[in-house]
Amino acid sequence: MAQAAYGFKQAGMPEPQGKPDQFIGFIYAATNCAISIRKLKEEIEELNKRGEFDQAREKIAELDDWVRVAAELREKSRELFDTIVDRVNEDPDPDVSISAIMKGYERGDLPIVQLVRRVCNYSIDGFKQTLSRVGIEFDSWDWESELTVWNGATEEVIEKLKETGFVEEKEGTLVLDVERAAQVFELKKLFNVKEDYEIPPLTLRRSDGTTLYTTRDIAYSLWKFSLAEKVINVISIEQRLPQLQLRIALYLLGKKNYAINLIHYGYELVHLPDYRMSGRRGRYVTFDQVLGEAVRRAYREVEKRSPHLSEEEKQRIAEAVGIGAVRYALVSVAASKPLTFTWDRVLDFERNSGPFLQYAYARAANILAKAEELAQSPDYTLLESTHEKQLILQLSKFPETVAEAADSLRPELIAEYANDLATIFNSFYDKHPVLAATPRELRDARLKLVEAVKVVMGNALQLMGITPLERM
RNA sequence: GGGCCCGUGGCCUAGCCCGGAUUAAGGCACCGGCCUUCGGAGCCGGGAAUCGUGGGUUCAAAUCCCACCGGGCCCGCCA
């Protein structure tokens with residue numbers, strides 16, 4: 001964040017053009033690029049002077065890559081990119097400037113706080129825009145700095161950790177000897193770590209006096225546990241080690257139950273087929289792009305299948321279908337699996353997809369809408385066919401499926417369940433007429449069955465954040 | 001160098017933790033059927049898999065153990 005704030009300042013604190021988070025993302029990448037190129041050039045010069053040509057060659061390869069990145073970024077916004085590069089190169093030492101921002105922010109220097117907050121808010125506003133489009137909102141937002149730094153909580157954590165005797169001073173930094181702590185308290189088996197794995201140390205404080213993310217996270221976690229008995233951190237799997245170090249730190253602070261009840265729900269990242277996504281390089285597909293493309297494709301389908309609907313209605317349905325497709329694609333694979341992104345895979349509208357489920361729901365809804373009279377005298381003993389029995393059985397499994405999904409933190413189980421339900425319902429739909437069924441008692445029993453499907457499917461969809469549609 | 005995760009038909013995914021009722025299950029793609037009945041984003045059927053490789057444990061291994069190969073990630077005074 002400090003680097004983005006630095007770049008924003010160097011760029012002259014411009015008003016964002018376009019979506020604010022993407023604007024900041026661009027500034028961040030451009031700044032990073034400018035700094036990296038400058039550093040690499042200096043390093044190469046130094047290596048050449050010292051005659052270490054092999055190492056210089058490696059750096060040159062890195063430099064080449066960054067030069068390509070620069071060209072890509074410049075393509076996107078030439079003026080802004082050039083300004084950032086020029087200003088970064090005029091700066092005697094960008095690292096010092098960035099460090100000054102971090103220091104000032106932790107101290108609470110008003111102009112710096114205002115700068116950083118402004119940049120943060122641009123990003124957050126953009127995230128909120130995107131997330132609200134897919135129906136995600138948060139109950140509360142915190143400024144971590146308020147809860148951990150400015151109120152002294154992080155400093156208190158550092159002091160208490162010092163008292164444990166596992167903190168050492170090294171070249172002006174404070175370092176927690178996680179390995180020794182784990183050995184002394186026999187924590188490796190508690191946290192499922194192999195005995196012979198040496199846990200790397202954790203730097204708590206930089207030599208310039210500022211704290212690191214994981215250190216603040218210790219204080220932040222203590223705060224979270226003041227509100228809850230179980231904390232599930234949904235963070236990338238890359239942060240496995242820091243999360244382990246965090247738990248050990250909590251243990252050292254005498255909070256054994258916190259350490260145990262802190263769960264790291266690690267998710268894998270989404271990859272692109274050709275190259276690595278990298279925020280620092282500005283190489284990524286944004287979620288907004290994915291949603292936009294999904295909704296466009298959905299619109300084409302809606303127009304093809306339901307041309308009679310009003311324009312407004314078509315738009316509304318396309319939005320729900322496109323977003324449903326994306327949400328299903330993401331929720332239906334285990335989070336711990338890396339996902340290689342291709343449009344075809346994510347925007348599949350056939351079986352085993354969000355729209356497939358929405359379609360089954362719409363079919364059930366349609367039958368119910370066409371039933372002029374409600375089911376008054378159902379005789380359930382008449383539901384004798386295989387399809388009907390399978391459907392009843394599948395419906396009965398819903399509660400236990402939801403419970404298991406929740407207990408084991410596996411939302412993909414709901415997706416699998418809903419897909420099975422839709423498949424069975426479609427077979428039933430194909431073989432057994434509902435409204436035209438005779439006698440009346442059978443018609444009513446089937447109508448009740450369809451109603452149950454609609455209710456359960458609707459609930460399953462909503463659990464996955466997919467909008468059920470009466471028509472599509 | 002050390003550690004963690006993954007490797008299932010052409011492609012994607014489930015099953016693996018807690019070995020047996022699986023003839024290894026779905027989807028995409030491919031091939032062939034189904035438009036007289038509630039919307040075909042559907043239904044019915046078909047071909048296609050040495051479950052990365054090699055050992056081991058077991059009456060029994062996709063599942064447990066070991067080694068190796070291939071891919072990803074982590075080991076920062078980044079977050």
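Could you tell me what percent of the DSSP beta bridges with both partners in chain A are antiparallel, to the nearest 5?
So the antiparallel bridges amount to about 55 percent of the total.
Which residue, A:Cys33, A:Val134, A:Ala418, has the largest displacement toward the positive end of the dipole of chain A when charges sit on each Cβ (Lys, Arg +1; Asp, Glu -1)?
A:Ala418
In whole percent, how big is the carbon plus sulfur part of the accessible area of chain A, probe 1.4 Å, protein atoms only?
Carbon and sulfur: 50 percent of the exposed surface of chain A.
Quick check on region A:287-463: take the gyration tensor over C-alpha atoms, sort the square-rooted eigenvalues as a ≥ b ≥ c, and tell me if it's rounded (a/c under 1.5), prolate or oblate.
oblate
By the scheme Lys and Arg +1, Asp and Glu -1, what is the net charge of all other residues having a beta-carbon under 15 Å from that of A:Pro378?
Local charge sum for A:Pro378: -3.
With the other protein chains left in place, how much accessible area per residue, in square angstrom, belongs to chain A at a 1.4 angstrom probe?
Heavy-atom SASA per residue in chain A reads 54 Å².
Just to confirm a number: summing +1 for Lys and Arg and -1 for Asp and Glu over residues other than A:Arg305 whose beta-carbon lies under 14 angstrom from that of A:Arg305, what do you get?
+2
Would you work out the charge dipole size for region A:287-463 about its Cα centre, treating the Cβ of every Lys and Arg as +1 and the Cβ of every Asp and Glu as -1, and quote it to the nearest 20 debye?
So the dipole magnitude of region A:287-463 works out to roughly 260 debye.
Return the whole-Å distance between the Cα centroid of region A:126-160 and the Cα centroid of region A:97-119.
If you average the Cα positions of each part, the centres end up 17 Å apart.
Report the Cα centroid-to-centroid distance between region A:359-373 and region A:171-222 in angstrom, as an integer.
Region A:359-373 and region A:171-222 have Cα centres separated by 58 Å.
Take the cross-link list A:Lys314/A:Lys431; A:Lys19/A:Lys397; A:Lys19/A:Lys103; A:Lys304/A:Lys370; A:Lys337/A:Lys397; A:Lys128/A:Lys256 and give me the ones stretching past 32 Å between alpha-carbons.
With Cα atoms farther than 32 Å apart: A:Lys19/A:Lys397; A:Lys128/A:Lys256.
Rounded to the nearest whole Å³, what is the per residue volume of the convex hull around the Cα atoms of region A:163-306?
199
Roughly speaking, what is the centre-to-centre gap between region A:71-92 and region A:254-333 when only Cα atoms are used, to the nearest Å?
Region A:71-92 and region A:254-333 have Cα centres spaced 31 Å from each other.
Which lysines does A:Lys41 reach when only Cα atoms under 26 Å apart count, and residues fewer than 8 places away in its own chain are ignored?
Reachable lysines: A:Lys9, A:Lys49, A:Lys59, A:Lys76.
Quick one: which residues, 5+ away or cross-chain, put their amide H under 5 Å from the amide H of A:Thr203? H built at 1.01 Å from N.
Residues meeting the criterion, in which the H sits 1.01 Å from N, are A:Leu176.
With each run of n ≥ 4 DSSP H residues scored as -39500 (n - 2.57), what mean residue ellipticity at 222 nm is computed for chain A after dividing by its residue count and rounding to the nearest 500 deg cm²/dmol?
Rounded to the nearest 500, the figure is -20500 deg cm²/dmol.
Looking at the square roots a ≥ b ≥ c of the eigenvalues of the Cα gyration tensor of region A:100-155, which shape do they give, rounded for a/c under 1.5, prolate if a/b is larger than b/c, or oblate?
Cα axes put region A:100-155 in the oblate bin.
Among the aspartates and glutamates, which have Cα under 16 Å from the Cα of A:Lys162 when same-chain residues fewer than 8 positions away are ignored?
Correct list for A:Lys162: A:Asp177, A:Glu179.
Report the local net charge at A:Leu469: Lys and Arg +1, Asp and Glu -1, summed over other residues whose C-beta lies under 14 Å from its C-beta.
Here the charged neighbours net out to +3.
Where the only charges are on Cβ atoms (+1 Lys, Arg; -1 Asp, Glu), what is the dipole of chain A about its Cα centre, to the nearest 20 debye?
With Lys and Arg at +1 and Asp and Glu at -1, about 760 debye.
Are there trypsin sites (Lys or Arg not before Pro) in region A:249-302 that DSSP puts in a loop and that have at most 10 other Cβ atoms within 10 Å, and which ones?
Qualifying residues, ordered by number: A:Arg276.
Straight-line reach from A:Lys39: which aspartates and glutamates fall under 15 Å, measuring Cα to Cα and dropping same-chain residues less than 8 apart?
A:Glu58, A:Glu62, A:Asp64, A:Asp65, A:Asp86, A:Glu90, A:Asp91, A:Asp93, A:Asp95
Once you place label points 7 Å from the Cα toward the Cβ at A:Gln462 and A:Asp208, how far apart are they in nm?
Label-label distance for A:Gln462 and A:Asp208, simple model: 5.0 nm.
The values are calculated or read from the model by the stated rules, or taken from the named source; none is laboratory data. Only a predicted model underlies this, so the values are computations on that prediction, with no experimental measurement involved. For neighbour counting, all protein chains shown are included, and Cβ atoms are generated from backbone atoms with ideal geometry for every residue, glycine included. Note: accessible area is taken over every heavy atom of the protein model, side chains too, but ligands, DNA and RNA are not part of it. Shrake-Rupley method; radii C 1.70, N 1.55, O 1.52, S 1.80 Å.
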